[in-house]
Amino acid sequence: MYAHIHTSLSLLRGEAQDVPEIEWMLKTMAPFARHIEPEHRLKGAALGVLEALRSGTTCFGEVGSDMAPLAERVFAPSGVRARLASTINEIGPGSRPDPHKPYIFFPDIGERKLKQSIEFVERWDGAADGRITCMLAPHAADMMSKELLLRVKEEAEERGLLMHMHVAQGGREAIQMRLRYGTTTVRFLDEIGFLDDGLLAAHCHQASDEEVALLAARGVRYVSCPSSIGIIDGITPPLALYLASGGRSAALGSDQASGNNCHNMLMEMKVAALLNKTRHRNPTVLPAWKTLRIATIEGATAIGLGDQIGSLEPGKKADLIILNLKAPHMTPIISRPVKNIAPNIVYSARGDEVEAAIIDGKVVMKEGRVLTMDEEQVIAEAQRAAEIITSRAAEEFMAAGSLLTEAVKKGLL
């Protein structure tokens, strides 16, 4: 399961890599974002769901703006399980003219997005026979006022909902928090009483070791996106550190294809294990059995669904995948003295071993084909939508002057 994912950005795969973090959002993503239309988001989401489902993901912790159309036209009909959240912020087109100056907030945008998010919860929480459930998503501490943050928390507590939030997600956010509040994101959130087990914090790679320990001590749930943050920030998120600090609820995410480049949990597990081992210079960190648990039962617990999914037990939902292990890279299968199935899944699997997926007792993928989506149509429509977006944004993208544009000018890409 993916606890943190933005499937609708799948159309920008490969268009925003290998640049400094402070350029990523403002110089590589922003020129494209201005040309993404609602219909494009649907095509991107369908592509992301198809990709992830084919490689074994049955549950999606999707976060994004205006989630209702995606719920209705992608997540519900595809048959997957989804924990959805519409982002709430006060950011408009003119909010970020300079990353080294405080962002300009628009309270009317915040009011509209809060209202929209609550309406989404009231319509979709528990929909599609319970496959679709909801959270509230304050976007990030640097993208909204303290007052709005606290209002979202109050709404979440009154409705018994978890909050899904980007926390301490890089240098750009750190600059904004220092300018506005004179402190760090984690310290600020702790000061306003925001850190508790009602919060699912994504990323946290800008947090200090002491702040990671504070998140764990406060009971904050954590989702790490190692591939995406490795590419965007050049940092290994503190998954192993969070667990070593006493953190109880951890999960994995892919973030978006414009950062990670793929939505493949079988590959993400390997990246998570390897990067945390090298971060701590300790090969015993995140062993295969633990990493597999984080991708399944522990991840389900982190997003509040551990009593329903994540393991095969009486009374739980019938969500499972079937892998064909009779492939050269998965052979041999050994039982003594070490059962090697977990290590081989984590360190050797590629995603094409997944033959079937069953969600809520219904077969949604069989013999490697997704039954609930027209695969050829999804891919063709995503290709057309991506070509429209990128052609419209081309001049703007080049004028932004990122490191990536320099590579293009030199004929390297």
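The values are calculated or read from the model by the stated rules, or taken from the named source; none is laboratory data. Note that the coordinates shown come from a computational prediction; the quantities given were computed from them, not determined experimentally. Note that we place each Cβ from the backbone using ideal geometry, even for glycine, and neighbour counts take in every protein chain shown.
Annotations for the structure displayed:
- Residue match in the range 114-131 (condition: more than 21 Å from residue 357 (Cα to Cα), at pLDDT 95 or above and in a strand (DSSP E or B)): no
- Total residues in the range 195-226 satisfying the condition of being buried (at least 24 other Cβ atoms within 10 Å of the Cβ) and in a helix (DSSP H, G or I): the figure is 3.
- Checklist (1) touching a Gly at 6+ places or on another chain (Cβ under 8 Å); (2) part of a helix (DSSP H, G or I); (3) closer than 28 Å to residue 162 by Cα applied to residue 27, failing item: (3)
- Number of positions in the range 172-194 that are surrounded by fewer than 21 Cβ atoms within 10 Å (Cβ to Cβ), part of a loop (DSSP other than H, G, I, E, B) and on the phi < 0 side of the Ramachandran plot: 3
- Residue 86 fulfils the conditions (1) more than 19 Å from the chain's Cα centre (by Cα); (2) buried (at least 24 other Cβ atoms within 10 Å of the Cβ) except for a single criterion, (1).
- For residue 288, the criteria (1) surrounded by fewer than 21 Cβ atoms within 10 Å (Cβ to Cβ); (2) out of contact with any Phe, Trp or Tyr (no Cβ under 7 Å at 6 or more places or on another chain) hold in every case but one, which is (2).
- Only residues that are within 25 Å of residue 303 (Cα to Cα) and surrounded by fewer than 22 Cβ atoms within 10 Å (Cβ to Cβ) were counted across the range 94-120, and they come to 6.
- In the range 96-113, the residues that are touching a residue at least 24 places away in the same chain (Cβ under 8 Å) and assigned to a loop (DSSP other than H, G, I, E, B): 96, 99, 100, 101, 102, 103, 105
- In the range 66-89, of all residues being assigned to a loop (DSSP other than H, G, I, E, B) and out of contact with any His (no Cβ under 9 Å at 6 or more places or on another chain), the one that is modelled with the lowest pLDDT corresponds to 66.
- A residue that is part of a helix (DSSP H, G or I) and within 19 Å of the chain's Cα centre (by Cα) occurs somewhere in the range 53-63.
- Which numbered condition residue 50 misses (of (1) free of Cβ contacts under 8 Å to residues at least 40 places away in the same chain; (2) more than 25 Å from residue 140 (Cα to Cα)): (1)
- Residues of the range 149-171 that are surrounded by 21 or more Cβ atoms within 10 Å (Cβ to Cβ), in contact (Cβ under 8 Å) with a residue 60 or more places away in the chain and part of a helix (DSSP H, G or I): 152 alone.
- Of the residues examined, residue 318 is not one that is under 23 Å from residue 271 (Cβ atoms), out of contact with any Cys (no Cβ under 7 Å at 6 or more places or on another chain) and small (Gly, Ala, Ser).
- Exactly one residue out of 90, 72 is over 28 Å from residue 26 (Cβ atoms) and acidic (Asp, Glu): that is 72.
- Selected residue [touching a strand residue (DSSP E or B) at 6+ places or on another chain (Cβ under 8 Å) and in contact (Cβ under 8 Å) with a residue 60 or more places away in the chain] from 197, 255: 255
- If the condition is being outside any loop (DSSP other than H, G, I, E, B) and touching a Leu at 6+ places or on another chain (Cβ under 9 Å), then the range 279-296 contributes 279, 280, 290, 291, 294.
- Members of the range 233-274 found to be surrounded by fewer than 21 Cβ atoms within 10 Å (Cβ to Cβ), among the small types (Gly, Ala, Ser) and part of a helix (DSSP H, G or I), listed by number: 244
- A search for C-beta distances below 7 Å between a residue of the range 17-29 that is of a type in the set (Val, Ile, Thr) and any residue that is surrounded by fewer than 19 Cβ atoms within 10 Å (Cβ to Cβ) and assigned to a helix (DSSP H, G or I), counting only pairs 6+ apart in sequence or on different chains, returns 19/403; 22/171.
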